[in-house]
Amino acid sequence: MTTKIRARMKASPDVNGMMFLRAAGLSLALVLASCAYPRNWQTASTTFGGSSPVLRALPVDGSGPLYNGAASMNVPTHATTINDTARMLAGMDADGYDQLSGIRNSAAWQTHRQRLDVMWSTHESLHRGPIQSWAGGEIGDAQRSSTLFYPFSGPDFLFASAFFPSAETYILCGLEGADPMPQLGGLSAPEVENGLARLRTTLSTSMQFSYFITTDMRKDLQATRFRGVLPVLMVFLARTGHTIDSVDTVRLDGSGNVTMAGSSGNTGLMIRARSGWGAQKRIFYFRQDLSNGGLSGSFLRFVQSFGRVPAFTKSASYLMHDGGFSRIRDFMLRNASVIVQDPSGIPYADFGRYGWSLWLYGNYQGTLEVFKGCQQPDLMQAYQSGRHPVKPLDFGIGYLFQPSTTCLMVARPR
C-alpha cells in the first residue's frame with residue numbers, strides 16, 4: 001500500500017468542519033439499520049457461499065441455544081438475552097423481563113438512553129426518512145435483490161438498511177475487529193459508564209455526518225470493555241426494530257464457504273435477526289483488507305456465490321482511485337448488478353470505460369481539502385453538460401454531507 005493511501009486512510013475527513021458543528025451544538029443523529037438472514041434458515045442446515053452445509057439453524061421461536069461461536073464472543077446463550085443486551089446498548093427498555101436492570105437503573109445508562117433518543121430522532125429526520133423515500137423511487141429495481149454487498153463499510157449497517165431495507169443478506173467488511181463482548185455482570189460502574197460514553201462517540205459521527213472517522217472509531221472501539229464492531233451492530237439492529245436471534249463467529253475456507261470459528265480463526269461475524277414485520281435476515285461482517293495485497297480470493301468467491309447483486313459504497317476514502325485498490329474496483333465493475341455510491345467510491349471515468357449507464361443526483365462541486373488529490377473535474381463537467389440524467393437530492397451523504405454540495409451516483413451495466 002502506498003504512502004499516499006496510508007495517509008488518506010489515517011486522515012480525519014473535514015476535522016475542522018466537524019469541530020465547528022460540534023461547537024455549534026448541532027444535534028448528533030443515529031441511523032440504524034436492519035440486518036439479514038438466509039431464506040432457508042428454518043431448515044436443519046444452511047449453505048452459505050458454497051455447496052457445503054454449515055451452521056445449524058436456530059429454532060424458529062428463538063428459545064434454543066445459540067451456535068457454538070456464541071461462547072467465544074461472550075454473548076448470552078439464548079436469543080432473548082442477547083436481544084436484551086442489544087436493546088440495553090441501544091438505550092432502549094427491555095422487551096419483556098429486564099435481565100439487565102442493574103445497568104438500566106444506573107444514572108450512566110439513563111443519560112445514555114436520553115442522548116441516543118435525541119440522536120436517533122434527529123437522524124431519522126435528516127437522513128433515514130429522506131433516504132428511504134429517495135431509494136424507493138430511484139433504485140426500486142436494486143432493492144428487490146435479496147443480497148447487498150457493501151465494501152469499505154466497517155460496521156455501517158445503518159445506511160445499508162436505509163438504502164436497501166428489503167435485502168435478506170448484507171455483506172459488510174472493514175479493518176475493524178470482531179472482538180468478544182465483556183461479561184456484563186462483571187463490569188464495574190465506571191467501566192459501564194466509560195463504555196457507553198465511548199460507544200456514543202463512535203455512533204454520533206456516523207449518525208450526524210453519515211460516515212465513521214476511521215482512526216477515531218478504532219481508538220474508541222478499543223478504549224473500553226465494549227470493543228470491536230459487535231456493540232455498534234447490535235445498537236443499529238435494536239434501534240431499527242430488529243430482534244436479534246443469534247451471533248456467531250465465522251470464517252471463510254479456501255473455496256469461499258462460511259464455516260464455524262471459535263476463539264481461533266475468527267475473521268468475521270454472522271448475525272441472524274428478524275425485522276419488525278417478521279422478515280428473516282442475516283448480516284455478515286468480515287475483517288478484510290481490500291487492498292490488492294490484502295484482498296483474499298476466498299472473500300471474493302464468497303461474494304460471487306450470491307450472483308450479480310447490488311453494491312453500495314460511500315465514505316470510502318477515495319481508495320479505489322488508487323492503483324493499489326484496483327482489484328476490488330474491477331471486481332465490482334465486473335460483478336455488480338447495480339452500483340450506488342458517492343464520489344469517494346469508483347472513479348467516474350471507470351464507469352465509462354466499462355460501459356455503464358449513469359444517473360447523477362445532487363450537485364457535485366469537488367471534494368474536501370483532505371482529499372484534494374482526488375478531485376474529479378470530469379464528473380463536475382458531467383453534471384453541467386447534461387451527459388447523464390441529473391436530479392436533486394434533499395439529503396447529504398458521505399463526506400459531502402451538506403445537501404447543497406452532495407453527490408450520489410447510480411450505475412447500471414448496459
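Does at least one position in segment 155-165 carry a residue that is more than 25 Å from Ser121 (Cβ to Cβ) and touching a residue at least 40 places away in the same chain (Cβ under 8 Å)? No, every residue in segment 155-165 fails to be more than 25 Å from Ser121 (Cβ to Cβ) and touching a residue at least 40 places away in the same chain (Cβ under 8 Å). If the condition is being at pLDDT 70 or above, part of a loop (DSSP other than H, G, I, E, B) and buried (at least 22 other Cβ atoms within 10 Å of the Cβ), then segment 205-249 contributes Phe226, Val229, Thr240, His242. Among residues of segment 398-414 that are closer than 19 Å to Val370 by Cβ and assigned to a strand (DSSP E or B), those with a beta-carbon under 8 Å from a residue that is at pLDDT 95 or above and among the charged types (D, E, K, R) at least six positions away or on a different chain give the pairs Leu400/Asp342; Cys407/Asp342. If you go through segment 168-188 and keep only what is over 16 Å from Arg287 (Cβ atoms) and either among the hydroxyl-bearing types (Ser, Thr, Tyr) or assigned to a strand (DSSP E or B) (or both), you end up with Thr169, Ser188. Scanning for something among the hydroxyl-bearing types (Ser, Thr, Tyr), modelled with pLDDT of 95 or more and not in a loop (DSSP other than H, G, I, E, B), does segment 129-145 turn up at least one residue? Yes, there is a match, as at least one residue in segment 129-145 is among the hydroxyl-bearing types (Ser, Thr, Tyr), modelled with pLDDT of 95 or more and not in a loop (DSSP other than H, G, I, E, B). Tell me, yes or no, whether segment 299-315 has at least one residue that is touching a Ser or Thr at 6+ places or on another chain (Cβ under 9 Å), part of a loop (DSSP other than H, G, I, E, B) and more than 30 Å from Thr243 (Cα to Cα). No, segment 299-315 has no match at all.
This table checks each residue for (1) closer than 17 Å to Phe209 by Cα; (2) out of contact with any Asp or Glu (no Cβ under 6 Å at 6 or more places or on another chain); (3) buried (at least 22 other Cβ atoms within 10 Å of the Cβ).
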| site | (1), (2), (3) |
| --- | --- |
| Thr367 | yes, yes, yes |
| Val370 | yes, yes, no |
| Gly386 | no, yes, no |
| Pro392 | no, yes, no |
| Gln402 | yes, yes, no |
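His112 satisfies every condition listed in (1) surrounded by fewer than 24 Cβ atoms within 10 Å (Cβ to Cβ); (2) part of a helix (DSSP H, G or I) except (1). Please verify whether segment 333-350 includes one or more residues that are more than 25 Å from Thr259 (Cβ to Cβ), among the acidic types (Asp, Glu), at pLDDT 95 or above and in a helix (DSSP H, G or I). Scanning segment 333-350 turns up at least one residue that is more than 25 Å from Thr259 (Cβ to Cβ), among the acidic types (Asp, Glu), at pLDDT 95 or above and in a helix (DSSP H, G or I).
The values are calculated or read from the model by the stated rules, or taken from the named source; none is laboratory data. Keep in mind that this is a model prediction, so the values were computed, not measured. Methodologically, a virtual Cβ is constructed for each residue, glycine included, from the backbone with ideal geometry; neighbour enumeration extends over all protein chains shown.
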